[in-house]
Amino acid sequence: MNHPHSPWQKLTALARQAPDERSAAAPYGFATRVVARVASQPALSPGAVFERFALRGLMIAVAFGVAAIAFNYSTLTAEPADDYASADPVAELLELS
Amino acid sequence: MDPAEAVFDVAACLERVRQNDQASARALVEHLYPMVIRIVRSHLPRRVAEEDLAQDIFLKMFTRLEQYQGAVPFPHWVSRIAVTTCIDQLRAQKRRPEFRWADLSENEAKVLDAVMTDERDPRPGDALAAHELVHKLLGQLKSDDQLVIRLLDLEQKTIAEISALTGWNQTLVKVRAFRARRKLQKLFQELQSKEHA
């Protein structure tokens, strides 16, 4: 396709000869409008900085949470130790009787 | 070089812009406008006014001015902003519907016929029709592929220059050019078969 005699190459060679008679100078007032818009843009407030980083922070926190649950899954699902039974005097009394 | 361009001291102007000198900011915009508008015009996505796109580019330039470290000449840095802004605009727009022979003007059809059949050499007067035709054909490509082909075949930039302008590595530029040319070849074949059908 990039052969000099391919239709596309012939077409682009011809297209490059098309004159562009449009002015390249900035339209009247263009620079003033741009500079005015730049000047009217508010500086980045602390709130905006917080907003920018909050979502990223939230995603990291969720990832840590999921990792913590996965890491401790076996502990969470294990049968709880029956500590109360041995510490319960009534239960002990009933067992003795 | 234009004498006005030769005397324009970009570094000094930038220094004044950084000190919030609005007159210097306006001078900088006026100095860079011809370069920016040339980039915008060669990549202008449909339905986007060139002035609006140029304005977006200059706003980005001023917003990111603190990031400019002077590693490359300032106009080069701005041209990269211009190209990436055009890429974003191209990506945001949908591709054109299927390209059909019936959609071509009489002149465009003649030019297309001339380049495909070799029966007559295109005339210099056909350049405008060829230009329109090229843009219609490029509209059938993915936005990134369009950009590569425009830079490569219309602006005759090298792979290294395209890589520097777009930030894409040279292999990616070559792959996109290859893919785009294959798609264009297929388009020509389809048009040829439809024309003779």
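When you check B:Val48 against the structure, is it closer than 21 Å to B:Thr166 by Cβ and part of a loop (DSSP other than H, G, I, E, B), yes or no? Before you say what the answer is, go through the steps one by one.
Details: closer than 21 Å to B:Thr166 by Cβ: yes; part of a loop (DSSP other than H, G, I, E, B): yes.
When the stated conditions are applied, B:Val48 passes them.
Could you grab me the full set of residues in the stretch B:160-181 that are surrounded by fewer than 17 Cβ atoms within 10 Å (Cβ to Cβ) and modelled with pLDDT of 90 or more?
Across the stretch B:160-181, the qualifying residues are B:Ala160, B:Glu161, B:Asn169, B:Gln170, B:Thr171, B:Leu172, B:Lys174, B:Val175, B:Phe178, B:Arg179.
Which is facing chain A (nearest Cβ under 9 Å) and more than 30 Å from B:Glu190 (Cβ to Cβ), of B:Ala27, B:Ala49, B:Ala114, B:Ala12?
One residue alone meets the criteria, B:Ala27.
Of the conditions (1) surrounded by 13 or more Cβ atoms within 10 Å (Cβ to Cβ); (2) at pLDDT 90 or above, B:Leu44 clears all except one; give me its number.
So B:Leu44 meets the others, but not (2).
Considering the stretch B:152-197 alone, what residues qualify as being in contact (Cβ under 8 Å) with a residue 60 or more places away in the chain, within 14 Å of chain A (Cβ to nearest Cβ) and under 18 Å from the mean Cα position of the chain (by Cα)?
B:Leu154, B:Glu155
Among the helices (runs of 4 or more DSSP H) confined wholly to the stretch B:58-161, which include 3 or more residues that are farther than 13 Å from A:Leu11 by Cα and of a type in the set (Val, Ile, Thr)?
Where helices (runs of 4 or more DSSP H) fall fully within the stretch B:58-161 and carry at least 3 residues being farther than 13 Å from A:Leu11 by Cα and of a type in the set (Val, Ile, Thr), they are B:74-92.
Can you find even one residue in the stretch B:113-129 that is crowded, with 21+ Cβ neighbours inside 10 Å and either among the polar types (S, T, N, Q) or at pLDDT 85 or above (or both)?
yes
The values are calculated or read from the model by the stated rules, or taken from the named source; none is laboratory data. Every value quoted in this text rests on a predicted model; they were computed, and no experiment measured them. Note that each Cβ is placed from the backbone with ideal geometry, even for glycine, and that neighbours are counted across all protein chains shown.
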